[in-house]
Amino acid sequence: MKKEINSFIFLASKGLYCPDADIWIDPIKPVKNAIITHAHFDHVSIGCETYICSSETGLILKERLGDDIIIKTYSYEEEFLLNGIKISLHPSGHILGSSQVKFQVAGETWLITGDFKLEKDETCAPFKRLETDVLICESTFGLPIFNWDNNQEIGDDISNWINSSRESSSILFCYTLGKAQRLLSKLKNSNIKEIYCHKSISKINSIYRRIGINIIETKIFEKNSKNESKEGSLFLLPPSLNNKRFLKRFDNYQTAFASGWMSIRALRKRSGFDKGFILSDHADWNALVKTIKESKATKVFLNHGDGENLAKFLNETENIDIEELKFSR
C-alpha cells in the first residue's frame, strides 16, 4: 500500500523527518540518527548520536567535528536498511561527497535531491539523474533571473583581475568547503604569482588531495601573521574575514566574492566588493526545471529558498503537481 503524500517524509521542528525509518535528513537540531547530505555547516547539526553519510562526507565531518563522532558511511549506490526501509545515496554534484537520498517503500520511491548542480566540476562526482515517484527538490535559486553562464573561463577572469592590479593583494572571499576547491581547480593553469589559502581552506584541500582530487599546492595564510601584503598574489579567504579591522593589515588590496548571488547587480553593488565572480554550486533556474521534469515524479515538493515562482511555472506549463514544502508537525 502506497504512503499518503507528505506523510512518509515531512518537514518537522528539527528538519526533514522519515518516521518509518526514524531518521532525520540534515537536521537543524541534534537528533539520534541523521543522514547528512553534505558537510556544509548549515546542513549539519552538532551533537547527533549517529551520522549517516557518504564516505567522502564522513572524512570531512571527522575533520570539522572531531574524530570522536559516530559515523556510518556508505558508497554511492550502496543500499542499506533502516527499520526495513531501503535507502541509498547518489551523487548530487554540489560538493565533494554530496548526496541525493533515495527511499524505497511499498513499491514507491521518494528522492531528496539535497543541494545539487548539473554543471561540470572536477572536484566532485557529477549529479546522478534518477527517476522517482515523489521528489523533494532544493530551490535555492528558484527564480528565472538565475541562469549561470558557462563558467569554464572563470579561471582566466580571476587571473586577469589579479594581473590588472599587480600592485595590489587580491583577496577573493569564498566558502571554505567546496567553492574554494572548485576555484583552485580552475586556477591550476593560471599565471598567478602566488596563491595563499586560509588554514581552514588548506585543511579541506588536504582531504581532497588525500583521496586523489587534483588541487594545486598553495601557501597557508595565517590569520594572525603580520605583513601579509604581497602584491600580485591571490588570497582565498572565508567571508567571515571581510571586515575593515582585518583588511587593515593589507597596504594595497582589492576584494572579490565568488557566489551565485553575485548575479544580482544590486546586491553586487551593495556588497562593497570590488568584483563579483558568478560561480554557484547550486542548480540555476534551467537546471531546476530540467531536473524536476526528468525525474518523472508525480508529486514534487520544493525545499529551501523561495519556490513559489518555480512551482507556479511548472504547474502551469507542465501540469506538474508541485508545491513548496511546508512545516507539517
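Any read-out appearing in this document is the output of simple, stated calculations on the displayed coordinates, not a laboratory observation. In this text the structure is predicted, and so the values were computed from the model without any measurement. A quick note on method: Cβ atoms are made from the backbone with ideal geometry, for glycine too, and the neighbour counts reach across all protein chains shown.
Among 245, 166, 182, which one moves the most in a GNM of the chain with springs linking Cα atoms closer than 10 Å? Most flexible of the set in this elastic network: 245. With R₀ set to 35 Å, the beta-carbon distance separating residue 309 from residue 29 gives a calculated FRET efficiency near 0.70.
Principal axis analysis of the Cα atoms in the range 154-277 yields extents of 39, 34, 26 Å, listed in decreasing size. For helix 55-65, what angle does its Cα long axis make with the longest principal axis of the chain, in degrees from 0 to 90 and rounded to 10? Helix 55-65 sits at roughly 60 degrees to that axis.
Of all beta bridges DSSP finds with both residues in the chain, what is the antiparallel percent, to the nearest 5?
Numbers: 21 of 60 bridges.
So the antiparallel bridges in the chain amount to around 35 percent.
Below 18 Å, Cα to Cα, which aspartates and glutamates can residue 312 reach? Residues fewer than 8 away in the same chain don't count. Answer for residue 312, where 18 Å is the Cα cut-off: 138, 284, 294, 321, 323, 324, listed by chain and number.
Checking the cross-link pairs 117/326; 29/219; 296/326; 62/269; 29/102 against a 31 Å limit on the alpha carbon distance flags 29/219; 62/269 as lying beyond it. Here each label is just a point 7 Å from Cα along the line to Cβ, and for residue 153 and residue 203 those points are 3.8 nm apart.
When percent of Cα pairs over 35 Å apart is computed from the coordinates, the matching label among (i) 40; (ii) 25; (iii) 47 is (ii).
Taking 51 Å as R0, compute the FRET efficiency from the Cβ-Cβ separation of residue 129 and residue 231 and round it to 0.05. Result of the calculation: an efficiency of 0.65.
Springs join every pair of Cα atoms under 10 Å in this Gaussian network model of the chain, and among 311, 106, 256 the largest mean-square fluctuation is at 106. Spatial offset of the range 120-147 relative to the range 44-74 amounts to 23 Å, using the alpha carbon center of each.
Here the relative contact order of the range 154-277, from alpha carbon pairs under 8 Å that lie six or more residues apart, stands at 36 percent.
For the chain, the relative contact order comes to 17 percent (Cα pairs under 8 Å, sequence separation of at least 6).
Could you work out the relative contact order of the range 221-329, using alpha carbon pairs under 8 angstrom and six or more residues apart, expressed as a whole percent? Result for the range 221-329 is 16 percent. To the nearest ten degrees, helix 285-295 and the longest principal axis of the Cα atoms of the chain are 30 degrees apart.
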